[in-house]
Amino acid sequence: MPTLLHIDSSADLTTSRTRALTAVFAETWTSRGADHTVVYRDLHRDQLPHLQSVAQHWPPRLRGGVEVPASAAALQQELLSELLAADVVVIGAPLYNYSMPSTLKAWVDHIHVPGITSPFDEATQPLAGRPAVVISARGASYDAGSPSESWDHGSAALKIVLGESLGMEVTVVATSRTLADVVPALGSEAAAREFEAAREQVRELASTL
Ligand SMILES: Cc1cc2nc3c(=O)[nH]c(=O)nc-3n(C[C@H](O)[C@H](O)[C@H](O)COP(=O)(O)O)c2cc1C
């Protein structure tokens, strides 16, 4: 029974591009058959706390005797189990201040645990090879060859954590110029073209992964 872990983090509950695109992904995924299930986590509506202790970055055997409060440990275990049970992960990652939303960062802080999800003293990478699709929406333009080309540090960090540390097969789908309605100079036609291309890429990925 293939399971998709569908994660949203946009604070926009009405016009969000990432929410629209992750929804297309989930609909296409479930249309593949009744056995294709979805586990949904909305990191904006149900916000995670920040880490309570630096010890949460490590498994119990590497915590040097530092105790993690039971409720924090239970929540972290729930997030880890949810991720480890997923066959495919899709993450809506809006660009906020050239980074990811703090709600999504809190999730990353909980699930990146050397010795559990990434290598530490042995090559632990239980998620190696599993697909992760990061859907990035950016208000401004990030065209190849422009000075801002590499300013999306949100999807860049996710690519490193999920791809390099956790060993997942990461695909980033990006749409830009999403603020063209309020900043006409960005070009609403180019914005619409980028969004349509992203939607097609998402459909293709959700049909094949
Ligand atoms: C708090 C906040 C910070 C933002 N920072 C940036 C930014 O650094 N660069 C940018 O291009 N757009 C920025 N934007 C615009 C968003 O990236 C854009 O609206 C995007 O479409 C958000 O994703 P969503 O449509 O899924 O909500 C910001 C928006 C918010 C709400």
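Taking the stated definitions as given, is A144 aliphatic (A, V, I, L, M) and either modelled with pLDDT under 95 or on the phi > 0 side of the Ramachandran plot (or both)? Before you say what the answer is, go through the steps one by one.
On the way: aliphatic (A, V, I, L, M): yes; either modelled with pLDDT under 95 or on the phi > 0 side of the Ramachandran plot (or both): yes.
For A144, the condition - aliphatic (A, V, I, L, M) and either modelled with pLDDT under 95 or on the phi > 0 side of the Ramachandran plot (or both) - is met.
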Consider only pairs whose beta carbons are under 7 Å apart and that are at least six residues apart or on different chains; among these, list those whose first residue lies in segment 166-191 and is free of Cβ contacts under 8 Å to residues at least 60 places away in the same chain and farther than 17 Å from A93 by Cβ and whose second residue is buried (at least 18 other Cβ atoms within 10 Å of the Cβ) and not aliphatic (A, V, I, L, M). L186/S141; L186/R177; G187/R177; A190/R177; A191/R177; A191/T178
Could you list all residues from segment 46-71 that are open to solvent by 80 Å² or more (accessible area, probe 1.4 Å) and in contact (Cβ under 8 Å) with a residue 40 or more places away in the chain? Q47, H50, R61
Complete set of residues in segment 72-101 that are surrounded by 15 or more Cβ atoms within 10 Å (Cβ to Cβ), within 16 Å of the ligand (Cβ to nearest atom) and not aliphatic (A, V, I, L, M): G92, P94, Y96, S99, P101
What single numbered condition from (1) more than 15 Å from the ligand (Cβ to nearest atom); (2) surrounded by fewer than 22 Cβ atoms within 10 Å (Cβ to Cβ); (3) modelled with pLDDT of 95 or more fails to hold for F120? (3)
Here the qualifying pairs (Cβ atoms under 6 Å; residues six or more apart or on different chains; first in segment 4-21 and among the small types (G, A, S); second assigned to a strand (DSSP E or B) and near the ligand (Cβ under 9 Å from one of its atoms)) come out as S9/G92; S10/G92; S10/P94
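So in segment 173-196, with the set limited to residues that are among the small types (G, A, S) and over 13 Å from A137 (Cβ atoms), which one is surrounded by the fewest Cβ atoms within 10 Å (Cβ to Cβ)?
Filtering segment 173-196 down to residues among the small types (G, A, S) leaves 174, 176, 180, 185, 187-188, 190-192.
From the residues that got through so far, the ones that are over 13 Å from A137 (Cβ atoms) too are 185, 187-188, 190, 192.
Working: A185: 7, G187: 14, S188: 12, A190: 14, A192: 13.
That would be A185.
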Based on what the data block shows, is S136 under 26 Å from A23 (Cβ atoms) and within 16 Å of the ligand (Cβ to nearest atom)? yes
Cβ pairs under 6 Å, 6+ apart, first in segment 91-104 and over 22 Å from V202 (Cβ atoms), second small (G, A, S): S99/G154
Among what's in segment 6-45 and is touching a helix residue (DSSP H, G or I) at 6+ places or on another chain (Cβ under 8 Å) and basic (K, R), pick the residue that is most open to solvent (accessible area, probe 1.4 Å). R32
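The values are calculated or read from the model by the stated rules, or taken from the named source; none is laboratory data. Source: prediction; values computed, not measured. When we count neighbours, we look across all protein chains shown, and the Cβ atoms used for this are built from the backbone with ideal geometry, even at glycine. All accessible areas refer to the heavy atoms of the entire protein, side chains included, with ligands and DNA or RNA removed. Shrake-Rupley method; radii C 1.70, N 1.55, O 1.52, S 1.80 Å.
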